[in-house]
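S.K.: Before we start, here is the structure in question, set down as C-alpha cells.
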Ligand code: PHE
C-alpha cells in the first residue's frame, strides 16, 4: 500500500473535481436532447425530482463509503463486509466497477476525440488549411485513432500528476472556464432569430408525456450517468475528502451544479437547433423526431456555425472547446478509478500505473474504432444501461443493509456533528435502504421488457 494518499486541498477543489466528473457529454449532449424529445419542461421536472430523490441519495452512498474506507472501491467495500459472502460481493462489485468505468472511458474517449477534432477545424479554416479542415470533420479511421491517442494522452497527463497537482488543479481551472464559455454562448445564441421557438420547446411542459413510465426510466438512467454513479468514480473522489468536511452538504452542491449546468446546456442547445432550422438546416429526422446523438453535435450544429458567416468560426471554436473541457474533467475521473486501485493495492508507482492502464484502454478504444458499427453501441448499452445502475444498487445495499447504522452515523457525523437531528438523517437512510434499490430494480424490469 502506498503511504501517502492524495487529498483535495479545499472544498472548492473537491467541488470542481466532482462536478467536473459529473458534468460531461451527458449534460451538454444527452440532457438537452432527451428533454426536447420527451415533453420539454415535463422531462426537466421529472429529472429534477429523480436527481434529488434517487440519484443524490445514491451519490451520498458512494461518497460516504469512499471517505470511510479511505481507499478505492474494492478495499472500501471489503472493509464494510461482515463475513465471507459479503466480502466476495464487495470484491466483485469493486472489480465490476473498475471494468465498467474502463469500458465507459473507452467509448467516451472516442467521442471526446471527435470534439477535439472539431475544435481544431475552425483554427485550420482560419489558417486557410481547408483540406486539413475537411479531414478533421470527415469520418475516418486514421482521424479517429489519432484523436483517441491525443485525448487519452491529455487524460494520462492530468492523472499521472496525482490528486492535488493533477485532478484538483486542472478541474479548478477548467470548470470555471466551462461555465463562462457556456454562459457567453447562451447569451449570443438566444439573440438570434428562431431561438425563442427553441426556448419554448425546452421550457413549455407537455405533461401528457410525464405519465409514460419509459420517460421516468429514461430520466433515471440519464441521472445516474450524469452523476457518474455506480462505477466507483464518486467513491474514489469521496475517499480524497477530508474528515472535517460536511459530506451531505458537499454532495448536494455537486448534484446542484450538475443539474444547473445541464439546465444551462439546454438553454444553449435547444435554441441553437431552432436557429439552425431558421437558417435552413434540417433538425428533424425521417421519423419526425428531433435529431439527437452524433447527428446533432457533428452535423446540425456545425451546419449552423457554417451558416453564421465569419463569427461562426469563433462560435464553433467556443462550443467545441466547451465540449472538450467537459469531456476531459469527466475522463480523468474515470481513469482515476483503475489507477487508484493499482497504486493502492499493488504498490505500482502512480505514473507507471497511469501510463500502463491508459495505454491498455487506448488499445480497447482503437479496437472499438476499427469495429465501430458492431462494438460502439454495444459498449454504451452494456455499461450505461446495465452495469452502471446495477453498481449503484449494490453501493446502496452496502450502505444500508451491510454497514451497521452506528458506524454509518459516526462517519457522516464527522464534519456534520448535529447530523442526527437533521432532515438528511431522517430521510436518507430510508431512501438508500428501500426506495433506491426498488427504483433501480424497476429499470431492469423495464429493460427486460416486463413493463
Ligand atoms: N458524468 C459523465 C457525463 O455526464 C459521465 C461519467 C460516467 C463520468 C461515469 C464518470 C463515470 O458525461
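The values are calculated or read from the model by the stated rules, or taken from the named source; none is laboratory data. Bear in mind the structure is a predicted one, so any value in this text is a computation, not a measurement. Ideal geometry is used to build each Cβ from the backbone, glycine not excepted, and the neighbour counts take in all protein chains shown.
S.K.: Do we have residue 316 as part of a helix (DSSP H, G or I), touching a residue at least 60 places away in the same chain (Cβ under 8 Å), more than 16 Å from the ligand (Cβ to nearest atom) and within 20 Å of the chain's Cα centre (by Cα) here?
M.R.: Against the criterion (part of a helix (DSSP H, G or I), touching a residue at least 60 places away in the same chain (Cβ under 8 Å), more than 16 Å from the ligand (Cβ to nearest atom) and within 20 Å of the chain's Cα centre (by Cα)), residue 316 does not qualify.
S.K.: Spot the failing condition for residue 81; the list is (1) away from the ligand (no atom under 16 Å from the Cβ); (2) closer than 24 Å to residue 431 by Cα; (3) modelled with pLDDT under 90, and only one is missed.
M.R.: All conditions are met except number (3).
S.K.: Looking at the structure I just gave you, is residue 308 touching a strand residue (DSSP E or B) at 6+ places or on another chain (Cβ under 8 Å), more than 24 Å from residue 233 (Cβ to Cβ) and either at pLDDT below 95 or within 16 Å of the ligand (Cβ to nearest atom) (or both)?
M.R.: It is false that residue 308 is touching a strand residue (DSSP E or B) at 6+ places or on another chain (Cβ under 8 Å), more than 24 Å from residue 233 (Cβ to Cβ) and either at pLDDT below 95 or within 16 Å of the ligand (Cβ to nearest atom) (or both).
S.K.: Restricting to the stretch 301-321, count the residues that are closer than 16 Å to residue 273 by Cβ and surrounded by 22 or more Cβ atoms within 10 Å (Cβ to Cβ).
M.R.: Qualifying residue count for the region: 5.
S.K.: Right, here's the next one. Residue 340: surrounded by 17 or more Cβ atoms within 10 Å (Cβ to Cβ), within 15 Å of the ligand (Cβ to nearest atom) and either under 20 Å from residue 67 (Cα atoms) or within 25 Å of the chain's Cα centre (by Cα) (or both), yes or no?
M.R.: Answer is yes for this residue.
S.K.: Would you confirm, using the coordinates I've provided, whether residue 144 is modelled with pLDDT under 95 and within 26 Å of the chain's Cα centre (by Cα)?
M.R.: no
S.K.: Only one residue in 120, 110 is within 16 Å of the ligand (Cβ to nearest atom) and assigned to a helix (DSSP H, G or I), so which one is that?
M.R.: Going through 120, 110 in turn, the sole match is 110.
S.K.: Answer yes or no: is there a residue in the stretch 407-416 that is surrounded by 21 or more Cβ atoms within 10 Å (Cβ to Cβ) and within 16 Å of the ligand (Cβ to nearest atom).
M.R.: No: the stretch 407-416 contains no residue that is surrounded by 21 or more Cβ atoms within 10 Å (Cβ to Cβ) and within 16 Å of the ligand (Cβ to nearest atom).
S.K.: Please determine whether any residue of the stretch 19-33 is modelled with pLDDT of 90 or more, over 28 Å from residue 399 (Cβ atoms) and either in contact with a strand residue (DSSP E or B) (Cβ under 8 Å, 6 or more places away or on another chain) or within 16 Å of the ligand (Cβ to nearest atom) (or both).
M.R.: Yes, that holds for at least one residue.
S.K.: Hey, another quick one. I need the full set of residues from the stretch 95-107 which are closer than 19 Å to residue 363 by Cα and near the ligand (Cβ under 10 Å from one of its atoms), in order please.
M.R.: Answer for the stretch 95-107, where residues must be closer than 19 Å to residue 363 by Cα and near the ligand (Cβ under 10 Å from one of its atoms): 100, 101, 104, 105.
S.K.: List every residue pair whose Cβ atoms lie under 6 Å apart, where the two residues are 6 or more positions apart in sequence or sit on different chains, the first residue falls within the stretch 1-22 and is more than 23 Å from residue 349 (Cα to Cα), and the second residue, located anywhere, is at pLDDT 95 or above and surrounded by fewer than 18 Cβ atoms within 10 Å (Cβ to Cβ).
M.R.: Between residues of the stretch 1-22 that are more than 23 Å from residue 349 (Cα to Cα) and residues that are at pLDDT 95 or above and surrounded by fewer than 18 Cβ atoms within 10 Å (Cβ to Cβ), the close pairs are 15/253.
S.K.: Something else now. Return yes or no: is residue 330 assigned to a helix (DSSP H, G or I) and away from the ligand (no atom under 16 Å from the Cβ)?
M.R.: So residue 330 fails the test.
Yes/no per residue for (1) in a helix (DSSP H, G or I); (2) crowded, with 24+ Cβ neighbours inside 10 Å; (3) under 21 Å from the mean Cα position of the chain (by Cα):
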{"site": "39", "(1), (2), (3)": "no, no, no"}
{"site": "48", "(1), (2), (3)": "yes, no, yes"}
{"site": "53", "(1), (2), (3)": "yes, no, yes"}
{"site": "59", "(1), (2), (3)": "yes, yes, yes"}
{"site": "62", "(1), (2), (3)": "yes, yes, yes"}
{"site": "76", "(1), (2), (3)": "yes, yes, no"}
{"site": "82", "(1), (2), (3)": "no, no, no"}
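S.K.: Additional query: Please specify each residue of the stretch 344-354 satisfying the condition of being surrounded by fewer than 24 Cβ atoms within 10 Å (Cβ to Cβ), in contact with a helix residue (DSSP H, G or I) (Cβ under 6 Å, 6 or more places away or on another chain) and touching a residue at least 12 places away in the same chain (Cβ under 8 Å).
M.R.: Listed by number, the residues that qualify are 350, 351, 353.
S.K.: Hey, another quick one. Can you confirm whether residue 372 is in contact with a helix residue (DSSP H, G or I) (Cβ under 6 Å, 6 or more places away or on another chain) and under 25 Å from residue 447 (Cα atoms)?
M.R.: In short, no.
S.K.: Which residues, taken from the stretch 6-18, are under 18 Å from residue 252 (Cα atoms) and either surrounded by 23 or more Cβ atoms within 10 Å (Cβ to Cβ) or more than 16 Å from the ligand (Cβ to nearest atom) (or both)?
M.R.: 8, 10, 11, 12, 13, 14, 16, 17, 18
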